[in-house]
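*Asks:* After the structure tokens below, expect a handful of questions from me.
The values are calculated or read from the model by the stated rules, or taken from the named source; none is laboratory data. The structure displayed is predicted, hence computed values, not measured ones. Quick reminder, even Gly has a Cβ in these numbers, built from the backbone with ideal geometry, and neighbours come from all protein chains shown. These area figures cover heavy atoms from the full protein model, side chains too; ligands, DNA and RNA do not enter into them. Shrake-Rupley method; radii C 1.70, N 1.55, O 1.52, S 1.80 Å.
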Amino acid sequence: MDEPTLEDILKEEDDFSDDEFLAELGNTAFSPSDARTIQESPSMFSSLDASPGHLISPTFSPNLRAMKRKVQLNNALQRDLLEIQQLETEIEQNEEMNTSAQDQVGRYFDESMTGERQDKKKSSVSASVLDFRTLTQISDVLNREKNQHNRVGIPTCLSVDRDIIVGTSHSCILIFGHNENLKETIKNSDYGPVTAVDSAHHQNSHTLIAAYENGYVLVWDVLNKKEIKLIKKHTFPVSHLRFLSEKNRFISCDTSGITYTFTISTGMLRTSVDPHIVFDGKNTSIGQIVALSPFVKRDNSLSIVAFATLKRTYLVSLFSSYVKVNIQVERPRAIREEDILPCLTWCTTAWRSEKSPADTEHMKNSQHPTLAISWGTHIQIIQMQESKDGKSRSARLKDVVIETRIHAMSWIDGRVLLVLDDMDQLKVVDPFRGVVVQTLSSKGMDAMFHNRFGRHLPSYSNSFSDHGRGVYIIGVDKLQNAHLLSWEERISKLVAAQRYSAALSLTKSFYESDAEIAIEFPTEKSMRFQVTENKIVHLLHMYIDFTHISSENITKSQAKQRWRVVGAECVEYCIYMMSHDVLFSDIMEKFNAYGKHGLFLEVLEPFILDRKLSNVPPEIIQQIVEHYTSKSWLKRMEEIILHLDVSTLDFQQVESICRKYHLFRAFISIYVRGLLDYISPLNELLTFLFSSLQPARPHEEKDYVRNTYAKEVTFNYVTQCLQGNSYVDQRPLQLNLARQLQSNILSFLFQKELKGHDVSYPRMHQLLRVDSNSILNCFRLYLDSVDAFVDGYDHQKVNNILIDMLKLDGQNIPESETETMYIFIMQYYSEGKIKVKFPRKFSPDRREISTSFLNEGIRYLLNGQGHRNIGKEGTLLDIISGLYEEDPTGRNYDWEDIVTSAETAECWKVAEYLYRKKKDHFKVIQSRIRDPLYKREVFQYIRNMLSKEVDRDEMASRKKAVVRSLNGLITLDGSDSSKLIIEFFSEQTDSILIALDAHPHVQYLFLKSIVEGNKSMNQLLEKHGSTITPNMQARYVQLMCQYAPQQVYAYLSSHDNYPLDKCLQIVEKAGIVPAIVYLFERTGDIMSALSLNLKGVDELFVKLEEYHKVKDARGSVHNYVNAIHSDLMIELWFRLTDVVVKPLRNYRSQNFKSEDDYVKSLSTLMNNMFESMVGHVGLPSILSKIVKDYGGDDLADFRSIINGMLDACMWEDKLLGIMNRLMDQDVHQAMATYCRNRSRGMKPKRMKCCSCQRPFATTTNVNFRATTSTDRGMFQLAIFPCGHGFHRSCLFRDEEGMSCPICNKNKQVSSKTLNYPDADEVDPRSAIAKKSLILNQRPTNGRDYPS
């Protein structure tokens, strides 16, 4: 019968008894997380059970039935979680190729195409290192035995050596062979659950030992199947039982810490077992033994045992007659928790300590005991070595920290640790590298444990058993084995899951010796490389075949992406192994066989661009050219040629390809890198460019693109050569080579005469026609960047050549190129780097020629075509400023014509300079206003100009220029203009305002900046004594109605110092309704304001009847209500109500349904109206209005309103009652506190006055009677809440109340006797506040106690 599912359990009834549940609970195992939940519920469970199969035994509890359902739910959830985990694993394996295809393409193809691919850091491959499997035959036996009425019980402990031995909760011991066949069953029903088992490790010994809950230890002969001895030495359950390395000797330890060693002696007649106590549990300095692990090695006479307490670990040598403690290891200081149970496990490894003794080589070649100790999240690795002198040496190799707390731990093959943590996870830890190699979920494993050492200290010491390269783990109904995989098994497992990329990465990590665990991997370097290379090639072939098969069931685009990924993997690994012959033979043939020849060539591209693949056979290059040209990928083909090794290329082949397909960059590259020839490629490029300038040659679009590309390559090449850089990688060349290259390029370009050309400098003429800006920019970079010029080609020489070209052949140079040349020359002239001089043959007067040339240059700069050039304008300004200083009268230069040309060319800086020299302030200001780049600086310029100390006439001229410019200034920035006027023209404000009447918009901007100015504007007005007059405000409102009518209401509602009547006339004339209503309200004409608003509402309702758009009307009515509801009276509210209710009654009379949108909207408007009215009109008046005026209508529209009023009344009544009760409780509590404090006595800190230091009683005479007021004051005390006590006569009178003079620093104590009020005269409120108490004192038999 199938087990019930989670849904069945949630639906079923509690149809079995508590006794049945207890039996079922006895067979149920819990995970550590469930165990903690159960342990923290003492109401359900009370006593600890001795059986390690389950945590604790349940006793009767009212919550037992709830616990019963929890157990069933736990089992069902475990099954469901396992199924979900298996499904997720299958989905990940099946969809891995599809989900990672795009990422692989991006990693191997796309990034390489853009040149952005970076070398990835080496990282360990996350491949499984464990083969986790269930021993099905043994698990079936355990399940079958459990289901047959619990005949043997559930498993409790495990030991694996030559046999697999399982102890159960019903005193049974099951012995299985490694073939999983049951060999023998040992059953003893009187000793309780089996707590520990072990078998002898020597080949000639067939002894088995087992420990039980009641402390018995059974010695069993497996070969003869009989009992050798039953030992009773322990009174507590035995928690550890292990054979030692010595033959027929074992050790046991119970939960109290008492430890024995037993020696089995076989005689002729009988076999005896001799005990020897190791720890008696009475030595408190050692502590309780909670973990024990012997180092077991066959045929070894040395018995080393590790004992652990909750504080430290002892490594002990057990001799026949005594015990020797070799090492004591303290618990890590970082572990502060007390509830941590240590775990111990041994293995043998080579000596790994760096601090080795003298016999290092001998120690490294042998195996030595290595102990792993876990404390919570920490793991300590200790290695021991027995030297020749008989002394034990040890080394602390490593301290490893993981994120989770360790519950169980075992070595696997002496290489890694298998760890079970508190998160139900199995982790494979490499302790020597300090990393977690793999993490597995242990849910569903249900490993057995006990907690006899504490409720929160689970112990798995007898559930884990290491054997060979694996660890066996016993669960509640299954036995599992975690087997460490060899390197080939790990790769095969990935291949079986079709994870070829991961298999290749793992093989590569073996190749680099970077894998975490490499079992059975060759240690010799040459053998290791050979094995991994063969494996990688084999995997690549399998990967290609698999891709071909899997691509049949997907789309073409997906298949293409997958083939790209596979091709990139093949190229990557062949380059890594430097197996180019394999790549271009076996791998390429595979791709060709599947029809992917072109795709394989495309995959090579990113690796060539990354310079990972630079040696390509010529036949492959030819195939790449043919494939790329067929797809018109010329630029990509050129990039490939640029990144190939020239020494391996066929020069003639590549040159012909570059010429045929116009691959200019590649053409330059092969000449420069292959022949070190820089001039030939430049000559070829210039020939091609000059041929494109022929006017008779037809030009197509592709020719234009090709010519543009040729120009770009040519000028870039010239630039790099003139800067002394390599064209290919743009790195600086050696100094001698760079200078020689610069000299050759300049001499080639500036060759004055050339056969077949009738102009001087023919190459420069042609380059200027091609692109004058680009070629001159090349020279500019050369002149500005080099440190030393070659062959005298400095600023002067280069510019002289350009000047010669302009004068000798200027008519042959187009206008645009002439302008560019003039700009180039004039720029260096303005910087003072050249001087303009001409040969004598042009004119006998050198200065006159220079002047005419400068005039011509200025004319070109001013009249040039194109948009404004800041660099050109700066050059002009430098030239003109220098020339004006030499010739301010204009003898050689026409300054009027120049300034006019500057304004036409929008060179405002030049115009401003010349106007400033002429002191034409108005033109200066106008130039600044018109300059889009610097117009914001005009206000600061005017402030500086008006702040300078000049004569009266000059200041008047400047102010006049500013006033003339006000229109432009205010339009530019009204705020800054207003501040400027207030600062410097405060007395002329009215006249300025009148003058602006002709420009109403400018006047509006001016008034806006003043009237609505910020805080700084108000302070400026106050500082200069200016005020905003009512006329100014009225004029501003009038202009606002014209230019910004939507802002009138906001201004009027936020200001109050404007003339109401005049502004009302203005807004009525403009027809701005919100502003008119607001001013009616301010003047007190509420009825007019309401009528105007209601008129607007009526108009809206007319539109509503026509278009049925209620939502538009709703917003208007709400705005009106929110604006006026706080100022209306009852009559106004009722009038407004009639306006809203009237259309609703009309719609009702026309039989409109309540579900109509406009009826609903009108009802909502009415409800909002009455809700707003409640705060201003009494509820009786509202109800009276509804009944009187609307009583004849359907009251359904008013139902919600009436209900809301009634709810409000009920809420207010309830609130009033609550407040009354709170007031009563507060008064009662205050009075109770007062009475309690009033009736409480006080005790002084000491029996002396804190002022006079005299005792409270000065005589022992019982008959003493005070007669004077001073004497009475000595027997009247004042005790304060702080504990200080005083005689009444030692205190001042405090009119505001009594306070302690010591605690109150403002009070002082005097020894004067004052009349102090009696206790009953003190105000009770003061007594509560100050907590002071006056007591009458009487002397009694010499003892000074207050009465």
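*Asks:* It is to be established whether one or more residues within segment 1039-1053 are over 18 Å from VAL1011 (Cα atoms) and in a helix (DSSP H, G or I).
*Replies:* no
*Asks:* Which of the helices (runs of 4 or more DSSP H) contained wholly in segment 687-790 include at least 1 residues that are open to solvent by less than 80 Å² (accessible area, probe 1.4 Å) and among the basic types (Lys, Arg)? Please lay out each step first, then the result.
*Replies:* Working: elements: 701-722, 735-749, 762-785.
By residue number, 701-722, 762-785.
*Asks:* Shifting gears a bit: Which one of MET821, MET805 is in contact with a His (Cβ under 8 Å, 6 or more places away or on another chain) and either within 16 Å of PHE715 (Cβ to Cβ) or part of a helix (DSSP H, G or I) (or both)? Steps first, answer last, please.
*Replies:* Working: MET821 fails: in contact with a His (Cβ under 8 Å, 6 or more places away or on another chain).
Answer to the selection: MET805.
*Asks:* Here is a further query. Looking at segment 326-335, which of the residues that are hydrophobic (A, V, I, L, M, F, W, C) and closer than 18 Å to VAL316 by Cβ is modelled with the highest pLDDT? Steps first, please.
*Replies:* Just the residues of segment 326-335 that are hydrophobic (A, V, I, L, M, F, W, C), to begin with: 327, 329, 334-335.
So of that shortlist, the ones also closer than 18 Å to VAL316 by Cβ come out as 327, 329.
Working: ILE327: 86, VAL329: 90.
Among those residues, the one meeting the criterion is VAL329.
*Asks:* Same structure, new question: For segment 1021-1038, what are the residues that are open to solvent by less than 80 Å² (accessible area, probe 1.4 Å) and either within 14 Å of ILE1072 (Cβ to Cβ) or assigned to a helix (DSSP H, G or I) (or both)? Please lay out each step first, then the result.
*Replies:* Step one: of segment 1021-1038, the residues open to solvent by less than 80 Å² (accessible area, probe 1.4 Å) are 1021, 1024-1026, 1028-1030, 1032-1037.
LEU1021, PRO1030, MET1032, GLN1033, ALA1034, ARG1035, TYR1036, VAL1037 - these are the residues of segment 1021-1038 that are open to solvent by less than 80 Å² (accessible area, probe 1.4 Å) and either within 14 Å of ILE1072 (Cβ to Cβ) or assigned to a helix (DSSP H, G or I) (or both).
Per-residue answers, yes or no, for (1) among the acidic types (Asp, Glu); (2) at pLDDT below 85; (3) in a loop (DSSP other than H, G, I, E, B); (4) under 40 Å from the mean Cα position of the chain (by Cα):
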| position | (1), (2), (3), (4) |
| --- | --- |
| GLU337 | yes, yes, yes, yes |
| TRP346 | no, no, no, no |
| ALA372 | no, no, no, yes |
| ALA395 | no, yes, no, no |
| VAL419 | no, no, no, yes |
| MET423 | no, no, yes, yes |
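*Asks:* For segment 236-248: of the residues being more than 19 Å from ILE165 (Cα to Cα) and modelled with pLDDT of 90 or more, which is least open to solvent (accessible area, probe 1.4 Å)?
*Replies:* PRO237
*Asks:* Looking at VAL625, VAL646, can you tell me which residue is under 50 Å from the mean Cα position of the chain (by Cα) and either under 24 Å from VAL582 (Cβ atoms) or open to solvent by 60 Å² or more (accessible area, probe 1.4 Å) (or both)?
*Replies:* Just a single option satisfies the conditions, and that option is VAL625.
*Asks:* From the set of residues in segment 681-712 that are of a type in the set (Lys, Arg) and at pLDDT below 85, which is nearest to VAL770 (Cα to Cα)? I'd like the intermediate steps shown before the answer.
*Replies:* Within segment 681-712, the first condition is being of a type in the set (Lys, Arg), and the residues that meet it are 697, 702, 706, 711.
Checking which are at pLDDT below 85 leaves us with 697, 702, 706.
Working: ARG697: 15, LYS702: 18, ARG706: 14 Å.
Applying the filter and picking the extreme gives ARG706.
*Asks:* Which members of segment 1055-1093 meet the condition of being under 60 Å from the mean Cα position of the chain (by Cα) and in a loop (DSSP other than H, G, I, E, B)?
*Replies:* Of everything in segment 1055-1093, those that are under 60 Å from the mean Cα position of the chain (by Cα) and in a loop (DSSP other than H, G, I, E, B) turn out to be HIS1055, ASP1056, ASN1057, TYR1058, GLY1071, ILE1072.
*Asks:* Does segment 262-316 hold any residues that are closer than 20 Å to LEU371 by Cα and among the charged types (D, E, K, R), and which are they?
*Replies:* Result: LYS297, ARG298, ASP299, LYS311, ARG312.
*Asks:* Residues that are buried (at least 22 other Cβ atoms within 10 Å of the Cβ): which strands (runs of 3 or more DSSP E) entirely in segment 160-235 hold 2 or more of them? Don't jump to the end; show me each part of the working.
*Replies:* Details: elements: 164-168, 172-176, 182-187, 194-199, 207-212, 216-221, 226-232.
Fully inside segment 160-235 and qualifying: 164-168, 172-176, 194-199, 207-212, 216-221.
*Asks:* Oh, and also: Let me confirm something: among LEU980, LEU972, which residue is open to solvent by 20 Å² or more (accessible area, probe 1.4 Å) and within 26 Å of PRO932 (Cα to Cα)?
*Replies:* Details: LEU980 fails: open to solvent by 20 Å² or more (accessible area, probe 1.4 Å).
LEU972 is the lone residue from the list that is open to solvent by 20 Å² or more (accessible area, probe 1.4 Å) and within 26 Å of PRO932 (Cα to Cα).
*Asks:* Go through segment 584-672 and tell me which helices (runs of 4 or more DSSP H), entirely inside it, have 3 or more residues that are more than 23 Å from GLN720 (Cβ to Cβ).
*Replies:* Values: elements: 588-593, 597-609, 618-630, 634-642, 651-661.
Ranges flagged: 588-593, 597-609, 618-630, 651-661.
Residues checked against (1) within 22 Å of ARG739 (Cβ to Cβ); (2) touching a helix residue (DSSP H, G or I) at 6+ places or on another chain (Cβ under 9 Å); (3) modelled with pLDDT under 85:
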| residue | (1), (2), (3) |
| --- | --- |
| PHE750 | yes, yes, no |
| VAL759 | no, yes, yes |
| LEU781 | yes, yes, no |
| ALA788 | yes, yes, yes |
| LYS807 | no, yes, yes |
| PRO814 | no, yes, yes |
| GLU817 | no, yes, yes |
| GLU831 | no, yes, yes |
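*Asks:* Please work out if ARG331 is out of contact with any Asp or Glu (no Cβ under 7 Å at 6 or more places or on another chain), open to solvent by 70 Å² or more (accessible area, probe 1.4 Å) and of a type in the set (Lys, Arg).
*Replies:* Values: out of contact with any Asp or Glu (no Cβ under 7 Å at 6 or more places or on another chain): yes; open to solvent by 70 Å² or more (accessible area, probe 1.4 Å): no; of a type in the set (Lys, Arg): yes.
Answer is no for this residue.
*Asks:* Among the residues of segment 983-994, is there at least one that is under 22 Å from GLN1047 (Cβ atoms), in contact (Cβ under 8 Å) with a residue 24 or more places away in the chain, not in a loop (DSSP other than H, G, I, E, B) and not charged (D, E, K, R)? Outline the logic, then answer.
*Replies:* At the first step, the residues of segment 983-994 found to be under 22 Å from GLN1047 (Cβ atoms) are 993.
Subsequent filtering for residues that are in contact (Cβ under 8 Å) with a residue 24 or more places away in the chain retains 993.
Remaining after also requiring not in a loop (DSSP other than H, G, I, E, B): 993.
Filter once more, so that each one left must be not charged (D, E, K, R): 993.
There is at least one residue in segment 983-994 that is under 22 Å from GLN1047 (Cβ atoms), in contact (Cβ under 8 Å) with a residue 24 or more places away in the chain, not in a loop (DSSP other than H, G, I, E, B) and not charged (D, E, K, R).
*Asks:* Continuing with the same structure: Would you mind telling me which numbered condition in (1) over 20 Å from TRP375 (Cα atoms); (2) more than 39 Å from the chain's Cα centre (by Cα) MET445 fails?
*Replies:* For MET445, the failing item is (2).
*Asks:* Continuing with the same structure: For segment 585-613, what are the residues that are closer than 12 Å to ILE624 by Cβ and not aliphatic (A, V, I, L, M)?
*Replies:* Correct list: HIS597, GLY598, PHE600, GLU602, GLU605.
*Asks:* Just checking, how many residues over segment 1001-1020 are buried (at least 21 other Cβ atoms within 10 Å of the Cβ) and part of a loop (DSSP other than H, G, I, E, B)?
*Replies:* So the answer is 0.
*Asks:* Would you point out which residue out of SER492, SER501, SER513 is among the hydroxyl-bearing types (Ser, Thr, Tyr), part of a loop (DSSP other than H, G, I, E, B) and closer than 24 Å to SER128 by Cα? Full working, then the answer.
*Replies:* Values: SER492 fails: part of a loop (DSSP other than H, G, I, E, B); SER501 fails: part of a loop (DSSP other than H, G, I, E, B).
Of the residues listed, the single one that is among the hydroxyl-bearing types (Ser, Thr, Tyr), part of a loop (DSSP other than H, G, I, E, B) and closer than 24 Å to SER128 by Cα is SER513.
*Asks:* Just to be sure before I move on: is ILE670 open to solvent by less than 20 Å² (accessible area, probe 1.4 Å), more than 30 Å from PHE789 (Cα to Cα) and modelled with pLDDT under 90 in the structure I sent?
*Replies:* On the way: open to solvent by less than 20 Å² (accessible area, probe 1.4 Å): yes; more than 30 Å from PHE789 (Cα to Cα): no; modelled with pLDDT under 90: yes.
It is false that ILE670 is open to solvent by less than 20 Å² (accessible area, probe 1.4 Å), more than 30 Å from PHE789 (Cα to Cα) and modelled with pLDDT under 90.
Residue by residue, here is whether (1) over 59 Å from the mean Cα position of the chain (by Cα); (2) more than 28 Å from THR348 (Cα to Cα); (3) free of Cβ contacts under 8 Å to residues at least 12 places away in the same chain holds:
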{"residue": "GLY257", "(1), (2), (3)": "no, no, no"}
{"residue": "LEU269", "(1), (2), (3)": "yes, yes, yes"}
{"residue": "VAL278", "(1), (2), (3)": "no, no, no"}
{"residue": "ASN283", "(1), (2), (3)": "no, yes, yes"}
{"residue": "GLY287", "(1), (2), (3)": "no, yes, no"}
{"residue": "SER293", "(1), (2), (3)": "no, no, no"}
{"residue": "LYS311", "(1), (2), (3)": "no, no, no"}
{"residue": "SER317", "(1), (2), (3)": "no, no, no"}
{"residue": "SER321", "(1), (2), (3)": "yes, no, yes"}
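*Asks:* Please list, ordered by first then second residue, the pairs with beta carbon atoms under 8 Å, 6 or more apart or interchain, first in segment 639-667 and more than 16 Å from ASP677 (Cβ to Cβ) and without any contact (Cβ under 8 Å) to a residue 40 or more places away in the chain, second aromatic (Phe, Trp, Tyr) and assigned to a helix (DSSP H, G or I).
*Replies:* Correct list of pairs: ILE640/TYR628.
*Asks:* Right, next: Of the residues in segment 239-266, how many are in a strand (DSSP E or B) and of a type in the set (Lys, Arg)? Step through it out loud before you land on a result.
*Replies:* We begin by selecting, within segment 239-266, every residue in a strand (DSSP E or B); these are 239-243, 249-254, 259-266.
If we keep only those that are of a type in the set (Lys, Arg) as well, we get 242, 249.
Residues flagged as in a strand (DSSP E or B) and of a type in the set (Lys, Arg) within segment 239-266 amount to 2.
*Asks:* It is to be established whether one or more residues within segment 603-613 are buried (at least 20 other Cβ atoms within 10 Å of the Cβ), free of Cβ contacts under 8 Å to residues at least 60 places away in the same chain and either more than 44 Å from the chain's Cα centre (by Cα) or under 23 Å from HIS548 (Cβ atoms) (or both).
*Replies:* So the first thing to find is which residues in segment 603-613 are buried (at least 20 other Cβ atoms within 10 Å of the Cβ), and the list is 603-608, 613.
Filter again for free of Cβ contacts under 8 Å to residues at least 60 places away in the same chain, leaving 604, 608, 613.
Filter once more, so that each one left must be either more than 44 Å from the chain's Cα centre (by Cα) or under 23 Å from HIS548 (Cβ atoms) (or both): 604.
Yes: segment 603-613 contains one or more residues that are buried (at least 20 other Cβ atoms within 10 Å of the Cβ), free of Cβ contacts under 8 Å to residues at least 60 places away in the same chain and either more than 44 Å from the chain's Cα centre (by Cα) or under 23 Å from HIS548 (Cβ atoms) (or both).
*Asks:* Restrict the check to segment 505-516 and report whether at least one residue is of a type in the set (A, V, I, L, M, F, W, C), at pLDDT below 90 and under 30 Å from MET448 (Cβ atoms). First the steps, then the outcome.
*Replies:* If we filter segment 505-516 for residues that are of a type in the set (A, V, I, L, M, F, W, C), which is where we start, we get 506, 510, 515.
Next, from what is left, pick out any that are at pLDDT below 90: 506, 510, 515.
From what is left, the residues that are under 30 Å from MET448 (Cβ atoms) are none.
No, there is no match, as no residue in segment 505-516 is of a type in the set (A, V, I, L, M, F, W, C), at pLDDT below 90 and under 30 Å from MET448 (Cβ atoms).
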